[in-house]
Amino acid sequence: MNPILECRALTKKYGNTQALSDVNLTIERGRIIGLLGPNGSGKTTLIKLANGLLTPTGGEILIDGKHPGIETKKIVSYLPERTYLNNWMCVREVIDFFKDFYSNFNPEKTYEMLKRLAINPDDKLKTLSKGTKEKVQLILVMSREADIYLLDEPIGGVDPAARDYILNTIISNYNENAAVIISTHLIADIEAVLDDVVFLANGTIALAEPVDKIREEQGKSIDGLFREVFKC
Amino acid sequence: MLGKLFKYEIKASARIFLPLYASLILFAIINNIFIRINNSSNNNQLFMNIMQGISTFAYVFLIISIFVFTLFVMIQRFYKNLLGDEGYLMFTLPVRTGEHIAAKLLASMMWVITSVIMTLFSVMLIAYNEKFFASFQEAISQILTEINRVFGVNGYAYIVEFAVFILMVLATNILMIYASISVGQMISKHKLLGSFGAYMGFYLISQFIISIILVIGYSAGSRHWTSIENIMQNNTTIPHFLFAGIMLLNLVFAAAYYTITNLILSRRLNLE
């Protein structure tokens, strides 16, 4: 079986700015990976490349052995760091939209999670607060039975109580054939759920290791290690 | 997937157009009523004239808004839905970029055509009276007879060709707008200005190409033909060839704009 995500000498430049340079990375199925790094380290660029929203300047990125395209979009469930839902639909209509376009979308899961978070499916998105919209988005993304979940800052805008529920949702909603990549700088909050961490610094990989190994060898928490590696 | 995209495209724009069309029809009926009242009675002349003036103004204003909105929604749906934040969702759907463009193009064409039809229909509503259907039929048959007299059997072929031609010109112009917006979005800091600039650029280039072809065509043709009128009367197939030539040229432009848009959206997407 192909690794679910593979970067080979992946490079991305915006004009003269080097966002990613010569990144080599392999992500296996069944893991929850923290993609960590300070602002502007290339986390979002990497995730956008995996989604085909950007094209690499050099090297290649492969999802399940394929270049980003229609086939990979079917198996990638992506949560961008901004609100991508339109304002004029109600939550139920957005659910129908997802059902129409993604064959691996499971609406029952969505309704169940909406109920847990007390979000009314008949509310117009326009009337929802920013945090609630983010929750709806995450619920939609996690309701897909995808092979890889790419979550860009999934907990940035929601309150700590919802954060716990969301992280729980993430852990309980993926299967052993899927990988979850969570990009964030709120490390302490997600540390407990991670299997592996990837540290990005200035567009290169500073570290990519299992969490257990780091704790054993360095005797530090990921949060502690992060503060040390990226000390200003 | 194209069908689904088209469905959501219509759903997104219908909520703007349907109320506009409904109010257009409503004001056409109101105008019709005022015209009838003013024609049949002399009571309260000044008041009724003012009322009719207001409703006529509202009606004309609605027609203008419908066409402004048709253009505005065409641009806004493409820009906001594909190149704004919503683009993060649209471009991660398992759908080809070409299908996005096609769905938007078809929906825009549909609204332009519907807007024209609704406007014509509202004019007929205003003009409606007891003798309307009789005179309408008469006018249509007169037009057809006239076409038949001037062009013969070819007349009907011209009508079909002209309809196809109009649709092609419409599609080409919409694709030109899409291509301009796509070029504009590559200029991160001045997207709007970039789009306007691109539009001007495309316009000038297309005018330049058309002029060159016309000059070449004219100088090549003038050796053989004395005048257009002569051809029309003596050779009934040549006008069809000319038409076909113009359509082919249009098709080339449409294909070029489509390709530019598709390439940029697939390879040079620059979502904020």
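Side notes on the structure shown:
- Vicinal HN-Hα couplings computed from phi for segment B:210-216 (Karplus, 6.51 cos²θ - 1.76 cosθ + 1.60; Hz; Gly/Pro x): 4, 4, 4, 4, 5, 4, 4
- Candidate aspartates and glutamates for bridging to A:K231, where Cα separation is under 15 Å - those fewer than 8 sequence places away on the same chain excluded: A:D223
- Hits among lysines - C-alpha to C-alpha of A:K126 under 24 Å, sequence gap 8 or more where chains match: A:K99, A:K109, A:K115, A:K135, B:K4, B:K7, B:K11, B:K80, B:K104
- Heavy-atom accessible surface of segment B:130-272: percent carbon and sulfur, 1.4 Å: 72 percent
- Principal semi-axes in Å for chain A [√(5λ), Cα gyration tensor, largest first]: 29, 21, 17
- Förster-model FRET efficiency, 30 Å R0, B:I113 and A:E93, C-beta, rounded to 0.05: 0.70
- Share of Cα-Cα pairs in segment A:113-207 lying beyond 16 Å, as whole percent: 58 percent
- Of the residues A:L62, B:F47, A:G157, the one whose Cα sits farthest towards the positive end of the charge dipole of the protein assembly as shown is B:F47 (charges of +1 on Lys and Arg Cβ, -1 on Asp and Glu Cβ, taken about the Cα centre).
- Heavy atoms of A:E176: accessible area, 1.4 Å probe, square angstrom to 10: 150 Å²
- Converting the Cα gyration tensor eigenvalues of chain B into ellipsoid dimensions via √(5λ) gives semi-axes, longest first, of 38, 33, 17 Å.
- Rg ratio for the protein assembly as shown: its Cα radius of gyration over 2.2 N^0.38 Å, N being its residue count, equals 1.28.
- Span from the segment A:164-232 Cα centroid across to the segment B:148-162 one, whole angstrom: 73 Å
- Global geometry of segment B:130-272, whether rounded, prolate or oblate, following the gyration tensor of its Cα atoms and the 1.5 cut on a/c: oblate
- Helical mean residue ellipticity (222 nm; -39500 (n - 2.57) per DSSP H run of 4+; nearest 500) of the protein assembly as shown: -20500 deg cm²/dmol
- Potential extension, A:L207-A:K66 segment - 0.36 nm per residue separation minus Cα distance: 48.2 nm
- The convex hull built on the alpha-carbon positions of segment B:26-127 has an orientation-averaged projected area of 7.8 nm².
- Dividing the convex hull volume of the alpha-carbon atoms in segment A:42-92 by its residue count gives 105 Å³ per residue.
- Check: segment A:125-225 dipole with +1 on Lys, Arg Cβ and -1 on Asp, Glu Cβ, in debye: 560 debye
- Whole-Hz ³J(HN,Hα) from phi, Karplus 6.51 cos²θ - 1.76 cosθ + 1.60, for segment B:102-113, glycine and proline x: 4, 4, 5, 4, 4, 4, 4, 4, 4, 5, 4, 5
- Taking the 1.4 Å solvent-accessible surface of segment B:1-128 as the whole, the part contributed by carbon and sulfur is 76%.
- Between segment A:1-64 and segment A:107-135, the Cα center-to-center distance that results, in Å: 31 Å
The values are calculated or read from the model by the stated rules, or taken from the named source; none is laboratory data. Quick caveat, the model's predicted, so the values are computed rather than measured. Counting neighbours? That spans all protein chains shown, and the Cβs are built from the backbone with ideal geometry, glycine included. Areas reflect the complete protein model, heavy atoms only, side chains present, ligands, DNA and RNA absent. Shrake-Rupley method; radii C 1.70, N 1.55, O 1.52, S 1.80 Å.
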